[in-house]
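Okay, structure first, notes after.
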Amino acid sequence: PEVKVAAHLMRRLCYENKDNLMAGVIVGGWDPVSGGSVFNIPLGGACIPMPFAIGGSGSTFIYGLVDSDFKENMTKEEALALCTKAVSHAMARDGSSGGVIRTCVATAEGNEREMIPGNKLPYGPAGW
């Protein structure tokens, strides 16, 4: 299915269970119709297409960083470097974030997954 179809299904689930759910949802992926796309589903059940989305308890620490460093049409390497930098900064500041960074790049060829252990992060206690 198209990413937007999956996002709208999640939107419906979130809205229909709004009294029992207390989390926003990010849906991202690749499909042959739209290519890569990201949707933010905040509390209340809206479904908003975005160029990027961040969430979670550590996200409040990195909005400025991501707003400053994000640019349209980034290469895969640039996007992964920004994600890794942003998440490692969030982990360093938020006591509820931590451990490892797991990334997943969705392309026409499939999903590419990577795990970066805590002692290999570009920022934080191991990188200070």
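The values are calculated or read from the model by the stated rules, or taken from the named source; none is laboratory data. It should be emphasised that the depicted structure is a prediction, and the values quoted were computed from it without experimental measurement. In this analysis, Cβ positions are derived from the backbone assuming ideal geometry, glycine residues included, and neighbour counts consider all displayed protein chains. Accessible surface is based on the protein model in full, side chains and every heavy atom, while ligands, DNA and RNA are left aside. Shrake-Rupley method; radii C 1.70, N 1.55, O 1.52, S 1.80 Å.
Ligands, DNA and RNA excluded, the heavy atoms of K120 present near 140 Å² of accessible surface to a 1.4 Å solvent probe. The accessible surface of the chain, taken with every protein chain in place and a 1.4 Å probe, is 55 percent carbon and sulfur.
Helix 3-16 axis versus longest C-alpha principal axis of the chain: approximately 80°, rounded to the nearest ten. At full extension, S96 and V33 could sit 19.0 nm farther apart than now, given 0.36 nm per residue minus the alpha carbon distance.
The magnitude of the dipole of the chain, with charges of +1 and -1 set on the Cβ of Lys/Arg and Asp/Glu and taken from the Cα centre, is near 260 debye.
Under 14 Å of direct C-alpha separation, and excluding same-chain neighbours fewer than eight residues apart, K4 reaches these aspartates and glutamates: D31. Surface analysis of the chain yields an accessible area of 65 Å² per residue, using protein heavy atoms and a 1.4 Å probe. Between V105, V33, V87, where does the largest GNM mean-square fluctuation fall for the chain, given springs only between Cα atoms within less than 10 Å? Top of the fluctuation ranking is V33.
Think of the chain as having a plus end and a minus end, set by charges on the Cβ of Lys, Arg, Asp and Glu; of G99, S34, G45, G99 sits farthest toward the positive end of this dipole.
Between region 51-128 and region 19-37, what is the C-alpha centre distance in whole Å? Cα centroid of region 51-128 versus Cα centroid of region 19-37: 17 Å apart.
The GluC sites (Glu not before Pro) found in region 1-86 that occupy coil by DSSP, while having at most 16 further C-beta atoms within 10 Å, are E2, E72.
Ignoring lysines fewer than eight residues from K85 along the same chain, the ones with Cα atoms less than 17 angstrom from its Cα are K71, K76, K120.
Computed about its Cα centre, the charge dipole of region 1-59 is approximately 80 debye, with only Lys, Arg, Asp and Glu carrying charge at their Cβ.
Over the chain, Cα pairs under 8 Å with separation of 6+ residues give a relative contact order of 18 percent.
Using a probe of 1.4 Å, the accessible surface attributed to S97 totals some 40 Å² when neighbouring protein chains are kept in position. Across L21, L9, the residue with the most accessible area heads the list, and the full order at a 1.4 Å probe is L9, L21. Relative to the longest principal axis of the chain, what angle (0 to 90°, nearest 10) does the C-alpha long axis of helix 76-93 take? On a 0 to 90 degree scale, this one is about 70. Among beta bridges identified by DSSP and lying wholly in region 19-120, the antiparallel ones come to about 100 percent.
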